[in-house]
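The values are calculated or read from the model by the stated rules, or taken from the named source; none is laboratory data. Being a predicted model, the structure only gives us computed values, none of them experimental. Heads up, the Cβs are rebuilt from the backbone with ideal geometry, glycines too, and the neighbour counts pull from every protein chain shown. Note: areas computed on protein heavy atoms with side chains; ligands, DNA, RNA excluded. Shrake-Rupley method; radii C 1.70, N 1.55, O 1.52, S 1.80 Å.
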Amino acid sequence: MHDVVEGRWEQSRRKVIARWGEILRRIEVRDEPGVLVLANVIDEFCEEAIATRLEVLHGRAPHEVDVLKFPKSAGLTGTRCVFCRGFQQQGGCFGMLASLNNLVMAGKWDDARQVAERYIARLESMRFADNVEPPVH
């Protein structure tokens, strides 16, 4: 029997939820730059995917230096996304950022709040558990 513990991905999920709580607060006060910056920078899932990628490739992969979640081409940034457990669990990246960005820039704050609330609900429904291997005697 394997014990299940809260690991790095679950900790990342909690940090993403906290950041999106802050995004929701900034939506409430109509802080356009604050919302856009917090929503579009590389998040905790991206950071964990980068670390996982480097571990799996034994540090032989180049470090990714982008600060934005998506490059201008809107394609995958290197191979980071394929190492993201959030990406894998959701069948792709969350994909709500484009609609959130458009709504915020158009001043549609009520709609932006709904997008952020749905994003948080999706995050809250996710669970990442790590299996702890039993000791071998």
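One line per residue, one yes/no per condition, for (1) in contact with a Gly (Cβ under 8 Å, 6 or more places away or on another chain); (2) open to solvent by less than 40 Å² (accessible area, probe 1.4 Å); (3) at pLDDT 85 or above:
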| residue | (1), (2), (3) |
| --- | --- |
| 8 | no, no, yes |
| 26 | yes, no, yes |
| 57 | no, no, no |
| 74 | no, no, no |
| 105 | no, no, yes |
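Please work out if residue 13 is outside any helix (DSSP H, G or I) and at pLDDT 80 or above.
Working: outside any helix (DSSP H, G or I): no; at pLDDT 80 or above: yes.
In short, no.
Residue-by-condition table, conditions (1) part of a loop (DSSP other than H, G, I, E, B); (2) modelled with pLDDT of 90 or more; (3) aliphatic (A, V, I, L, M); (4) touching a Ser or Thr at 6+ places or on another chain (Cβ under 6 Å):
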| residue | (1), (2), (3), (4) |
| --- | --- |
| 98 | no, no, yes, no |
| 112 | no, yes, yes, no |
| 127 | yes, no, no, no |
| 131 | no, no, no, no |
